[in-house]
Amino acid sequence: MSVFTIPYADYNAVIHLLSSRPGFCWLDSRTQEGRAFEIIACDPEWIARSQGSTHFLSRPGETETPVSYADLLALTQQPRAAHPTPCFKGGLIGFISYEFGRNQLLGDRNWRRDSAFPAACIGAYDNYLIVEHDKQTITGFGTFAFQSLLQQSAPATEAFSVTRAIAPDWSYEQYSTEFDRIKEYILAGDCYQINLTQRFSGAYAGDPLEAYINVRQAAKAPYSAFFRSGHGDLLCFSPEKFLTVSGRDVVTKPIKGTRPRGASAADDFRHIEDLTSSPKDRAENVMIVDLLRNDLGKISNIGSVKVEKLCALETYSNVHHLVSTVTSTLRDEVSPFAALISCSPGGSITGAPKKRAMEIIDELEGHARSAYCGSVFYLSNDGRMDSNIAIRTMTCRQGDMHVWGGGGIVADSDCLAEYNESVVKIRHIVEALGGELPGKRED
């Protein structure tokens, strides 16, 4: 294995060339100023998959075999040599679903199993490329066979098309019914906030990679990812960091509070003013910050959990968000992956208190969240981990596609406003695929 470079001009061709390889994944990192770096990987040493509560392991040329959950965790702890490449030094890349994290708190009881999409998929990668757009460089690491593969011509890809329009699974009346039930739970004292999500479904033909390429240009999200699991494709356009671990230092950046971008500069400014002056949105954000402080406190050194920023404004291509920053120092015995599992699913997409909120979500939503509200991550061989909250996320499997939109419901939430917010959050995804969602409802 060795380090090598390939021409930056080959960027698009290489993506299509590698996209048909086992375990293909593309982590697409951007800052608000532009793209930071990308990891493009394939042909992992091994790949672990969870389907429901059953776990499997496969290696090249071997039949997939069942493994225990303990075996899966042990794989993530195995020491691996750090490769001399920028940003990512080889290591684990994968995703865990909302249900994978949910089961850590609630177990199998009342678990919705209607998703055929994997509950988790994690690979160990020594064949990968690092793309640094600001330097216009592509640095690779891998076997001679991987380097030889990159000399080949990219195969033709099948254009992506939507064959059944993406539409909400719920009517507005159904959404309103579940919204009212949450209000009843809040008034009864069961919870302070519940993240209510509705699913949108459609059908497609062609290669979902082409859909990802189209949407990423519109989304410009800082924590995007494409992952071929072998049992469905994950397309993620997330603006939200979950956990970053560097050394023993942890950072999380929960999002709560959303407004759409305006049609003009003046309109945009009005939306910003409305968001930053909203007591409701600030209260939602503070609730989730408290929840995450509690989650981090369980795995961090005593006294190390700190709120660095509270309710800061961040602006993206389609929305404005309020984003807070919480930091801590991991206890010595807690590995980065163990920290990810311990804190999953993220508090910003459950509600508070977390366990009761998840029980209510189980009761109300009527479908599995699947990869949505899970986490896409990499764990580099040098110990650095970065992960997102997999919001603005689509799954594509055997012609069926699903995308989810949701938001936090509190005591003074308005049903129509919350419904419209759930649509706004994914409208840019649907429109980038040539579709259209229902316009803003008016009572």
Original post:
Based on DSSP H runs of at least 4 residues, each adding -39500 (n - 2.57), what is the mean residue ellipticity at 222 nm of the chain after dividing by all its residues, to the nearest 500 deg cm²/dmol?
Top reply: -9000 deg cm²/dmol
Subject >> Normalised contact order of the range 2-432, rounded percent, pairs of Cα under 8 Å and 6 or more residues apart >> reply: 22 percent
Original post:
Want the number for Thr137 to Ser246: 0.36 nm per residue separation, take away the alpha-carbon distance, what's left?
Top reply: 36.8 nm
**OP:** Provide Lys241, Lys355, Lys183 in ascending order of the number of other Cβ atoms located within 10 Å of each residue's Cβ, fewest first.
**Re:** Lys355, Lys183, Lys241
Subject >> Proximal charge balance of Tyr212 [Cβ under 10 Å; K/R count +1, D/E count -1] >> reply: -3
Original post:
Quick one: length gained pulling Ala70 to Lys355 fully straight, 0.36 nm per residue minus the C-alpha distance?
Top reply: 100.3 nm
**OP:** At 7 Å along the Cα-to-beta-carbon direction for both Arg261 and Ala167, put a label point, then send me their distance in nm to one decimal.
**Re:** 2.9 nm
**OP:** Step through the table entries Lys183/Lys280; Lys256/Lys425; Lys220/Lys241; Lys183/Lys309, compare each Cα-Cα distance with 23 Å, and write down the pairs that go over it.
**Re:** Lys183/Lys309
Original post:
By count of other Cβ within 10 Å, fewest leading, how are Met1, Met287, Met394 ordered?
Top reply: Met1, Met287, Met394
Original post:
Excluding same-chain residues fewer than 8 positions from Lys253, which aspartates and glutamates have a Cα within less than 15 Å of its Cα?
Top reply: Glu240, Glu284, Asp290, Asp295, Glu308, Glu314, Asp386
**OP:** May I ask you to compute the full-extension gain from Ala417 to Ser342, defined as 0.36 nm times their residue separation minus their alpha-carbon distance, rounded to one decimal in nm?
**Re:** 23.7 nm
**OP:** Only one of the values (1) 26, 60, 14, 0; (2) 28, 56, 16, 0; (3) 23, 54, 23, 1 was calculated from this structure for P(r) over Cα pairs in 20 Å bins from 0, in percent; name its label.
**Re:** (1)
Subject >> Exposure proxy ranking, count of Cβ atoms within 10 Å, fewest first, for Ser422, Ser335 >> reply: Ser335, Ser422
Subject >> Cα-projected label distance for Thr315 with Glu363, points at 7 Å along beta-carbon direction, nm >> reply: 4.2 nm
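Rule-based calculations on the coordinates, nothing more; no lab input. What you are looking at is a predicted structure, and each value in this text was computed from that prediction instead of being measured. When we count neighbours, we look across all protein chains shown, and the Cβ atoms used for this are built from the backbone with ideal geometry, even at glycine.
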